[in-house]
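J.: First the structure, then my questions, so here it is.
The values are calculated or read from the model by the stated rules, or taken from the named source; none is laboratory data. Just so it is clear, the model here is predicted, and its values are computed rather than measured. In this analysis, Cβ positions are derived from the backbone assuming ideal geometry, glycine residues included, and neighbour counts consider all displayed protein chains.
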Amino acid sequence: MTSLGCKLDESVNCGNGPYVFKIQGQSYLAGSLLPQEEESPVYAQLYIYDPAEALDYRMQQVIEELQDMLYCRHPAT
């Protein structure tokens, strides 16, 4: 699982038929499977982690989002 980089050819998707995924030129994988030093993992990099470490990372993100949401709705006075 990773991001796919390519130039899509949308000219085949004009009409009422099913969607066609057609690329033009070269396809390439965007990004490394391991995050750079001091950077947060993204996309497929999250699945390379130890499951417990991945869960901790996701929980940290959820807690930060909840804190931001609560602060926006109920700012400290």
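J.: Out of the residues in the stretch 39-76 that are among the charged types (D, E, K, R) and assigned to a loop (DSSP other than H, G, I, E, B), state the one that is modelled with the lowest pLDDT.
T.: Keep residues of the stretch 39-76 that are among the charged types (D, E, K, R), which gives 39, 50, 53, 56, 58, 64-65, 68, 73.
Now restrict to residues that are assigned to a loop (DSSP other than H, G, I, E, B): 39, 50.
Details: GLU39: 79, ASP50: 70.
My answer is ASP50.
J.: If you check GLY31, GLY5, GLY25, which single one turns out to be out of contact with any helix residue (DSSP H, G or I) (no Cβ under 9 Å at 6 or more places or on another chain), surrounded by 11 or more Cβ atoms within 10 Å (Cβ to Cβ), at pLDDT below 75 and of a type outside the set (Lys, Arg)? Spell out how you get there, then give the answer.
T.: Values: GLY31 fails: out of contact with any helix residue (DSSP H, G or I) (no Cβ under 9 Å at 6 or more places or on another chain); GLY25 fails: surrounded by 11 or more Cβ atoms within 10 Å (Cβ to Cβ).
Answer to the selection: GLY5.
J.: To continue, here is another question. Which residue pairs have Cβ atoms under 9 Å apart, sit 6 or more places apart or on different chains, and have a first residue in the stretch 24-43 that is more than 26 Å from LEU8 (Cα to Cα) and of a type in the set (A, V, I, L, M, F, W, C) and a second that is exposed (fewer than 10 other Cβ atoms within 10 Å of the Cβ) and at pLDDT 70 or above?
T.: From residues that are more than 26 Å from LEU8 (Cα to Cα) and of a type in the set (A, V, I, L, M, F, W, C), there are no pairs.
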